């Protein structure tokens, strides 16, 4: 079943507001088998909204609108529906009575303008609003149903859930959408896709079909798998098998198959091993430590970190030999090694990490351009060190450096 | 002039992602007199996108699309444009050459699939992408221009700004919308609004009218001022006067009137004073240092930081007396003071900051609930210390703690 969501309100067309109602609607509709094919935001213009509504009838099974049901002249959803479907608007007396009663309860007389909220396109069913003044509407034309919801989430969500229970879940025929997010680091999008596409393209025609989207976020790759199945158990089984196929092909570049970020994956490995970690950061400026400590309970394994932006700090805090910095430069594998060893020694931790690089925009040279980052990981008696060359701006280089350090540790702990 | 914005990508139709690119686009188009009449999000479906594109031609002056320009089979924006306008796709050799060169730079051979990024609808002008692989496109049909941008903001925004300069600003002609963002910390939204509303409500009826929106973001307050004027000079003068009125009323709680984040404001103060800074962080886990070092050039004043999650680290790295921790608890003003003094002494820096608190979700007590954070700032011979109680989840407490520390330093440096 196909659905589209239309949010109405000129404030949603400014640079300050995004429509977030559609996320809650998407989640609930997906679970009963509706796929969202389009989302739109329109301003308070009757003609433009009427045009979009008219075009959506006949192309999707369900249209959901939010907002534009208030009492003022710029609340135009009712008028646009009437126009799109060429229906007259009738005054709905029970709603008008309820509105008057709401005002009377507060010792007020209902302003004439609020009668607008009691206008209903003929043939529409009125949905009671238990949490506000604007009633919702339900209307069918051809094969398309239109569900008209108020904008405030605390009014909109209970009304939506009621209608799902009452009308929608039985219409959709059961099949829901169930998701799995696979996260990958250390490979390019096209590299991952070249290897994954022959696998996931077959999934579309399986008994439980799975659609796959590949995404690059801050230089990291995500695969989003969406299974369409009549119940969660069938979906889970199909997703489990699909994830297994991808793991067999892509191997250890996959760090998470349940949406966990890398800091949580590494945190779990450290906790299992009973190890503690300490980090010495230069170009990442504390980002690695900050991400590690974003995980609740990380104080169990995070001991300490130092941010040594100046060379002097590297020497004083970590006993990095000044001569080593002199000889190889602060951004070099020998210095990264000395930083990792130094922080591990000072902290008496199991793991030590050293990161030194050039985040930019300044500081690059021909030999060591912006984005050059040396990372060393010392874990008990083993050590690994690598030099990366990352693309992107300062924050992107910082993020990718922290990601690379955590991934090196992950692979080391998995003996890969 | 009317515009619409279309974001392409199935991931934007899941419950996990919202399109935020359109906010940056709206702001820039508003400034040159384009009004956004509709925003839409579509999935990776050629036919559906082609249909929406075809409908938009002729109804608006400008269509902007973002995303769907990657190399994989689900990147369908190019194909949808070709279909909507019945144009063939041609291989653009200079783009293909550039793509091959980008791979070669990194010692890689371009996968065959990446040739897709070099396919161009006939009659379209190619826009160079200085920050990524997917070129943009510009195309006109009837009275409508189509601007095709890549999805990643760091590629999309520079390309948009280039096209605004080159082509769009001269086309628009009319009154533009100009904005100013005022940032405030340490006050609640209702407190700020109670004092600001009597002022900004008058601005709507001035010769250059200014509309004001108040927003709470991560516990910080922003006032967004939007002036409608025929040119930037008139808008700037009106906005300048308006900002002055607010500053007179709200005073030093305003830390920025040009949208700069607090880390940049504090960085400028440190640079002006010729001071260096070092920080000792516990519950913020390195976030303060990471934010300070997000500012390009911050290595001029950032010396070092330590993240001392364990009590042992506080003692060893900062000479915090173990007895002090024993007596007052790790989360206490005396320990925050000792951390600030300790890091300043160790680093021989001008400023030392100490932060210790309970970020949650665990670790709270009746006396010191989750969100309790002690912050000390030592600057040369002066010291300030405060205990806060922040609301919100772990990341929110971390963010607000870092914000509070920077704001205490700002006020201290301004002798407020």
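Which stretch or stretches of the range A:208-229 have amide N atoms under 17 Å from the point lying 7 Å from residue A:202's Cα along the Cα→Cβ direction? From the range A:208-229, the list is A:208-212. A Förster radius of 60 Å, combined with the Cβ-Cβ distance separating residue A:170 from residue B:245, puts the computed FRET efficiency at roughly 0.55.
Just the number, please: Stokes-Einstein D of chain B in µm²/s, Kirkwood Rh from C-alpha pairs, 4 °C, 1.567 mPa s. Diffusion coefficient, whole number: 52 µm²/s.
Seen against the Cα atoms of chain A and their longest principal axis, helix A:333-347 is set at about 80 degrees. Among B:356, B:205, A:372, the order by Cβ neighbours within 10 angstrom, fewest to most, reads B:205, A:372, B:356.
Divide the volume of the convex hull around the Cα atoms of the range A:150-265 by the residue count and you get 146 Å³ per residue.
Give me the log10 of I(q) over I(0) for the range A:242-334 at q = 0.12 Å⁻¹, as the Debye formula computes it from C-alpha points; what are the numbers? Debye intensities relative to I(0), on a log10 scale: -0.55. Paramagnetic label reach from residue A:31 (point 7 Å along Cα→Cβ; backbone nitrogen cut-off under 20 Å): within the range B:1-23, residues B:13-18. Between the Cα long axis of helix A:189-203 and the first principal axis of chain A there is an angle of about 50°, rounded to the nearest 10. In nanometres and ascending order, the distances from the residue B:416 label point to those of the other copies are 5.1 (point 7 Å from Cα along Cα→Cβ). Remark: relative contact order (the range B:176-256) = 44 percent; criterion is Cα-Cα distance under 8 angstrom and separation of 6 or more residues.
Taking other C-beta atoms within 10 angstrom as a stand-in for reagent exposure, B:97, B:341 fall in the order B:97, B:341, fewest first.
Quick one: Debye curve from the C-alpha atoms of the range A:262-413, no solvent, what's log10 I(q)/I(0) at q = 0.12, 0.16, 0.19 Å⁻¹? Each listed q maps to, in turn, -0.43, -0.77, -1.08. Can you classify the range A:239-288 as rounded, prolate or oblate using the Cα gyration tensor, where a ≥ b ≥ c are the square roots of its eigenvalues, rounded means a/c under 1.5, and otherwise it's prolate if a/b beats b/c and oblate if not? Note, shape of the range A:239-288 comes out prolate.
Each principal axis of the Cα cloud of the protein assembly as shown was evaluated for its coordinate range; sorted largest first, these ranges are 83, 66, 56 Å. Looking at the protein assembly as shown, what % of its DSSP beta bridges pair antiparallel, to the nearest 5? Around 65 percent of the beta bridges assigned by DSSP in the protein assembly as shown are antiparallel ones.
Per-residue shielding of B:201-208, expressed as the average number of other chain Cβ atoms within 10 Å of the residue Cβ, stands at 0.
Peptide A:34-46 has a mean shielding of 5, counted as Cβ atoms of other protein chains within 10 Å of each residue's Cβ.
Here the contact order of chain B, divided by its residue count and restricted to Cα pairs under 8 Å and six or more residues apart, works out to 10 percent. When residue B:197 is represented by a point 7 angstrom out along its Cα-to-C-beta vector, the spacings to that point in the other copies are 5.6 nm, nearest first. Mean-square fluctuation check for chain B, GNM, Cα pairs under 10 Å: which of B:326, B:105, B:140 is largest? Answer for the Gaussian network model of chain B: B:105.
Residues considered: B:96, B:278, B:402. Largest GNM mean-square fluctuation over chain B, using C-alpha springs under 10 Å, is found at B:96.
Here the Debye sum runs over all C-alpha atoms of the range B:2-172 as equal scatterers in vacuum, and log10 of I(q)/I(0) at q = 0.15, 0.17, 0.19 Å⁻¹ comes out as -0.80, -1.04, -1.30.
Between copies, residue A:131 shows label-point distances of 3.8 nm, shortest first, with the point placed 7 angstrom from Cα along Cα to C-beta.
FRET efficiency for the residue A:157 to residue B:16 pair, using the beta carbon distance and R₀ = 22 Å, is estimated at 0.80.
Per-residue ellipticity at 222 nm, computed for chain B from helices alone with -39500 (n - 2.57) per DSSP H run of at least four residues, works out to -11500 deg cm²/dmol. Normalised by the number of residues in the range A:231-307, the mean separation of alpha-carbon contacts (under 8 Å, six or more apart) gives a relative contact order of 28 percent. Note the angle between two axes, namely the Cα long axis of helix A:21-31 and the longest principal axis of the Cα atoms of chain A, as a number of degrees from 0 to 90, rounded to the nearest 10. Long axis of A:21-31 versus the principal axis of chain A: about 90 degrees. The modelled label-to-label distance between residue A:113 and residue A:258, using points 7 Å beyond Cα along the C-beta direction, is 5.3 nm.
Among A:19, A:44, A:268, sorting on how many other beta-carbon atoms sit within 10 Å of each Cβ, with the fewest leading, yields A:268, A:44, A:19.
Can you say what percent of the DSSP beta bridges in the range B:2-172, counting only those with both residues inside, are antiparallel? Round to 5. Just about 40 percent of them are antiparallel.
Throughout, read-outs are computed from the coordinates displayed, never taken from laboratory work. What you are looking at is a predicted structure, and each value in this text was computed from that prediction instead of being measured. FYI the Cβ positions are ideal-geometry reconstructions off the backbone, even for glycines, and counts take in every protein chain you see.
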